[in-house]
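Notes for the one structure printed next.
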Amino acid sequence: VQLQAFGGGLAQAGGSLRLSCAASGSTFNINSIGWFRQAPGKQRELVAEFSSGGSTVYADSVKGRFSISKDNAKNTLYLQMNRLKPEDTAVYYCRLITTTFGFYWGQGTQVTVSS
């Protein structure tokens with residue numbers, strides 16, 4: 001499985017960005033797929049995820065502002081980020097876990113929000 005994330009960049013506070021994560025390879029046995037982020041000096045944290053069992057999970061800090069979606073036909077995961085805040089600045093990663101518990105990470109895409 002290969003994951004390629006793109007769509008990051010520079011945005012002003014209050015603005016929007018959409019991230020995409022294109023998956024290739026053996027993507028039919030997905031257990032969960034989602035977005036994580038890591039800010040400088042901080043641990044990587046969950047942003048939003050389609051978890052096993054079909055539920056959607058959001059970090060409290062992004063609820064109501066970010067929306068995760070996917071296009072199964074295109075094997076692509078999206079993260080629509082609205083009302084961005086400077087504290088959203090981080091490298092964003094997509095992660096996929098297979099039903100056989102293989103963990104796969106994309107290469108990360110930088111999101112920078114200026115105040």
**Message:** Can you give me the accessible area per residue for the chain, using a 1.4 Å probe, in Å²?
**Reply:** 53
**Item:** Set of lysines near Lys74 by C-alpha distance (under 27 Å), chain-local residues within fewer than 8 positions excluded
**Value:** Lys63
**Item:** Sequence-distant aspartates and glutamates (8 or more away, or on other chains) whose Cα lies within less than 13 Å of Lys42
**Value:** Glu87, Asp88
**Message:** Cβ neighbours within 10 Å, averaged per peptide: list 12-25, 76-89, 51-64 in order, most packed at the top.
**Reply:** 76-89, 12-25, 51-64
**Message:** Please compute the contact order of the chain in relative form: average sequence separation of alpha-carbon pairs under 8 Å and at least six residues apart, divided by the residue count, as a percent.
**Reply:** 38
**Asked** How big is the gap, in Å, between the Cα center of region 1-44 and the Cα center of region 66-102?
**Response** 4
**Prompt:** Once the Cβ-Cβ distance between Arg83 and Ser55 is put in as r, and R0 is 22 Å, what FRET efficiency do you end up with, to the nearest 0.05?
**Reply:** 0.40
**Prompt:** What aspartates and glutamates could a cross-link reach from Lys85, if we take a straight Cα to Cα line under 18 Å and drop same-chain neighbours fewer than 8 places away?
**Reply:** Glu45, Asp60
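Going by a ≥ b ≥ c, the root eigenvalues of the Cα gyration tensor, does region 14-55 fall in the rounded group (a/c under 1.5), the prolate group (a/b larger than b/c) or the oblate group?
Taking the square roots of the gyration eigenvalues as a ≥ b ≥ c, region 14-55 is prolate.
The values are calculated or read from the model by the stated rules, or taken from the named source; none is laboratory data. Keep in mind that this is a model prediction, so the values were computed, not measured. Glycine gets a Cβ as well: all are built from the backbone with ideal geometry, and neighbour counts include every protein chain shown. All accessible areas refer to the heavy atoms of the entire protein, side chains included, with ligands and DNA or RNA removed. Shrake-Rupley method; radii C 1.70, N 1.55, O 1.52, S 1.80 Å.
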